[in-house]
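Take a look at the structure set out below.
The numbers here are math on the coordinates, done by the rules we state, and not lab data. These figures come from a predicted structure and were not determined experimentally. Note: ideal-geometry Cβ built from the backbone for every residue, glycine included; neighbour counts use all protein chains shown.
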Amino acid sequence: MALLPSIHEPADLRPLSIPQLNELAGEIREFIVSAVAETGGHLGSNLGAVELSIALHRVFESPTDAVLWDTGHQSYVHKILTGRQSGFSKLRQQDGISGYPSREESRHDFIENSHASTVLSYAHGLAVAREAGINKQRHIVAVIGDGSMTGGMAYEALNNLGHSKSRVIIVLNDNGRSYAPTISNLSQGGENAPNDATGELAKFPERMTGKLSRALTGIRLNPVYVRRQRKFEAFMRDLPVLGKQAEQGVEAFKAAVREFLQPPSFFEALGVQYIGPVDGHDIEELEAALTAAIKREDEGPIVLHVLTQKGRGYSFAEDDDEKHLHDTPSFDPIDGPKHASLTGYTNAFSEALIKEAAVDPRIVAITAAMPGPTGLLDFQEKFPDRFFDVGIAEQHAVTAAAGMAMGGLRPVVALYSTFLSRAWDQVVYDVALHRLPVIFCLDRAGITGDDGPSHHGVYDMALLSKVPGMRVLAPSSVQDLQQMLHDAMTLANDGPVVIRYPKGAARSVEPSFVGSGLNALKLATGNGTIAILAIGKMVAAAEKALDGLADLDIHATVYDVRSCAPLDPAMIADAATHSFVLTVEDGLHDGGIGQLIADAVHAINPASFVESLGVPTKFIPHNKPDAILAQFGLDTAGITTAAQRLLA
């Protein structure tokens with residue numbers, strides 16, 4: 001009889017035996033594969049966190065105990081165990097459950113976290129509130145993994161947790177991966193991981209450390225050992241005359257042992273206790289380790305280092321060397337997902353960058369843990385010495401690029417639009433202030449859809465257009481993106497350049513419809529009544545609107561803006577001769593490019609009426625991108641309606 005249908009809340013796990021729990025883990029894996037096959041979503045990281053999630057919810061009592069997830073895409077099992085199994089039929093779909101923790105969905109979700117490396121700071125804050133008598137949580141457990149320990153914010157929080165001796169249990173879910181292999185010397189699967197005979201990263205069983213490490217872990221988990229260690233240290237310290245030297249000798253011996261195992265040495269130097277590594281797929285061992293961590297909690301923060309296998313239990317995920325099916329669109333679970341090939345703007349960027357790099361040895365490429373999704377795998381293969389994956393560390397990526405540019409290189413930083421905001425200070429003061437030749441290529445700009453409010457790339461144009469000297473370009477076709485990247489290599493002589501482009505299918509055009517430099521491109525000439533100035537993805541919708549408007553005897557001038565900052569003076573001068581100007585962008589309306597266009601047009605012709613269509617300033621739930629754009633009038637029908645309204 002299946003066990004999963006009987007699990008409605010964490011308490012339902014506690015009567016189960018270990019064999020039953022192992023059976024349940026298998027059922028959960030089948031359920032996740034089936035659900036993600038229907039809707040798409042994050043697969044590999046959740047398949048690797050099944051036993052860990054079960055153990056956490058058996059040892060701790062959520063929500064009396066706060067279990068926090070970083071990054072949130074590894075929380076599917078947590079959602080299943082907290083009563084949301086039925087919601088997976090509409091995972092990441094309109095009016096369905098989120099692919100991340102959501103406070104609106106459940107009292108078991110404390111933080112809506114889908115950007116990495118933040119959970120330890122949340123945990124520190126909750127611990128401070130608890131010690132002040134405000135927050136009532138008994139235990140605070142922060143689960144961090146999937147490469148999140150490569151982010152600098154995690155280390156800032158660790159430093160403060162250790163300094164304050166906050167009672168927080170940190171579970172380091174080490175699967176050796178973020179999207180790509182984790183770039184970290186603390187990861188058992190990262191740069192310092194043992195290699196097999198072929199030189200490849202060792203698989204999960206080989207990542208378990210040697211006998212000495214395992215023996216020491218067993219000792220450290222033993223509460224009797226811990227108590228006796230404390231008594232022994234006190235005895236040595238109180239010895240007459242020799243007490244101080246004896247205590248120092250004990251500490252020196254312990255330090256030598258810690259140096260043998262790098263993670264303990266690192267964490268304990270920050271004042272954070274360390275247990276591990278333990279097998280993250282052995283529920284009994286996990287429960288023992290978590291219980292031991294609770295017994296040592298009064299001594300301050302403690303890290304439990306757990307080794308897991310990303311994609312465990314589903315052969316297609318286990319064998320995916322690139323990302324272990326980190327995320328996937330819908331697929332046939334029997335045949336597995338088809339190999340994802342680059343499409344649209346991402347593919348155009350990939351091809352163009354390789355072409356430019358072949359003739360310009362100064363060009364280097366930098367990404368933050370996402371070489372595959374940003375289109376850099378082929379570049380990495382062709383130019384391995386000119387490719388840099390810095391892990392989930394956007395701040396470092398940007399300032400490192402600044403240093404490379406200072407040294408004479410021509411760095412191209414490839415990130416998702418939403419993640420560049422994590423390095424805003426570095427973009428402004430480390431790159432732009434120095435007028436450095438850094439080129440930012442921002443994928444997933446605009447409305448992205450299924451991953452919800454944290455992943456929409458709607459802030460880039462409004463923010464970056466306000467940075468002095470920054471050139472912000474938005475291609476409307478694959479050919480235009482490639483031309484922009486080529487032009488950017490020269491434009492960067494005067495300072496940084498941003499090229500931002502959306503997810504999904506891309507428009508393809510003839511050479512006559514490709515612009516150049518910082519010039520706008522006129523696509524249609526009207527009768528002087530209305531001009532439509534469209535940006536990036538919105539150009540295709542504006543072109544389609546032309547036919548419908550012509551049927552209504554409305555003959556519009558249409559521009560592909562291309563250069564959002566600076567704006568093309570010739571385009572502005574022409575637009576100012578029209579009675580009405582309609583701007584369309586898939587970025588923020590407030591402070592967006594449309595408002596910059598309005599100011600520029602009104603400086604020439606105050607009588608020209610300008611209306612701007614854009615994304616409202618609010619958090620936008622997950623849905624399909626085209627449905628969201630239509631909701632805000634950012635499609636052919638919306639442009640047609642807005643033009644009619646202006647002329648009414």
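In table form, for the structure just shown:
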| quantity | calculated |
| --- | --- |
| Dipole magnitude of the stretch 425-537, debye to nearest 20 (Cβ charges: Lys/Arg +1, Asp/Glu -1, about Cα centre) | 260 |
| The chain - share of DSSP beta bridges that are antiparallel (%, nearest 5) | 15 |
| The chain: relative contact order in percent, alpha carbon pairs under 8 Å with at least 6 residues between | 11 |
| Stokes-Einstein diffusion coefficient of the stretch 300-376, Kirkwood radius over Cα pairs, 10 °C, 1.306 mPa s, in µm²/s | 102 |
| Residues His602, His281, sorted so that the one with the fewest Cβ neighbours within 10 Å comes first | His602, His281 |
| Entries of Lys522/Lys544; Lys466/Lys624; Lys338/Lys503 with Cα pairs more than 22 Å apart | Lys466/Lys624 |
| Tilt relative to the chain, helix 283-295 - C-alpha long axis, 0 to 90 degrees, to 10 | 80 |
| Contact order relative to length of the stretch 345-500, as percent, for alpha carbon pairs under 8 angstrom and 6 or more apart | 24 |
| Integer Hz, Karplus 6.51/-1.76/1.60 couplings in order for the stretch 52-64, x for Gly and Pro | 4, 5, 4, 4, 4, 7, 8, 7, 9, 10, 6, x, 4 |
| Asp586 long-range amide H proximity, modeled H, under 5 Å | Met538 |
| Per-peptide average of other Cβ atoms within 10 Å, ordering 86-94, 391-399 highest first | 391-399, 86-94 |
| Simple Cβ-charge dipole of the chain, Lys/Arg +1 and Asp/Glu -1, about Cα centre, in debye nearest 20 | 1720 |
| Sorted by Cβ neighbour density within 10 Å, fewest at the top, the residues Met470, Met484 | Met470, Met484 |
| For the stretch 523-647, alpha-carbon Rg relative to the globular expectation (2.2 N^0.38 Å, N residues) | 0.99 |
| Residue-averaged 222 nm ellipticity for the chain, from DSSP H runs of 4+ at -39500 (n - 2.57), nearest 500 | -11500 deg cm²/dmol |
| Residues whose placed amide H lies under 5 Å from that of Ile363, excluding near-sequence neighbours | Arg410 |
| Ranked list, fewest to most other Cβ atoms within 10 Å of each Cβ, for Thr328, Thr448 | Thr328, Thr448 |
| The stretch 31-153 shape via C-alpha gyration tensor axes, a/c threshold 1.5 | prolate |
| Most to least packed among 294-300, 148-154, 563-569 [average Cβ atoms within 10 Å] | 148-154, 563-569, 294-300 |
| Cut-off under 5 Å, modelled amide H: who pairs with Gly41 long-range | Thr328 |
| Spatially proximal aspartates and glutamates relative to Lys355 (Cα-Cα < 16 Å; intrachain offsets below 8 disregarded) | Asp378, Glu381, Asp480, Asp487 |
| Cα-based shape type of the stretch 361-423, given that a ≥ b ≥ c are square roots of the gyration tensor eigenvalues and the cut on a/c is 1.5 | oblate |
| Rounded to the nearest 20 debye, dipole of the stretch 523-647 from Cβ charges on Lys, Arg, Asp, Glu | 220 |
| FRET efficiency, 1/(1 + (r/R0)^6) with R0 60 Å, evaluated for Met1 and Met406 via beta carbons | 0.35 |
| Highest average packing first - 402-409, 265-272, Cβ atoms within 10 Å | 265-272, 402-409 |
| Principal axis box of the stretch 432-516, alpha-carbon based, largest edge first, Å | 37, 34, 15 |
| The stretch 288-334 and the stretch 41-88: distance between their alpha carbon centers, rounded to Å | 11 |
| Beta bridges by DSSP in the stretch 345-500, antiparallel share as percent, to the nearest 5 | 5 |
| For the stretch 621-635, Karplus couplings with θ = phi - 60° (6.51, -1.76, 1.60), whole Hz, Gly/Pro x | x, 5, 5, 5, x, 5, 5, 5, 4, 5, 4, 9, x, 9, 8 |
| Anisotropy class of the stretch 345-500 from Cα gyration tensor, a/c 1.5 cut | rounded |
| Contour minus Cα-Cα distance for Ser421 and Thr641 (0.36 nm per residue) | 75.9 nm |
| Note, ³J(HN,Hα) from phi for the stretch 459-471, Karplus 6.51, -1.76, 1.60, rounded to Hz, x at Gly and Pro | 9, 4, 5, 4, 7, 5, 5, 9, 7, x, x, 6, 9 |
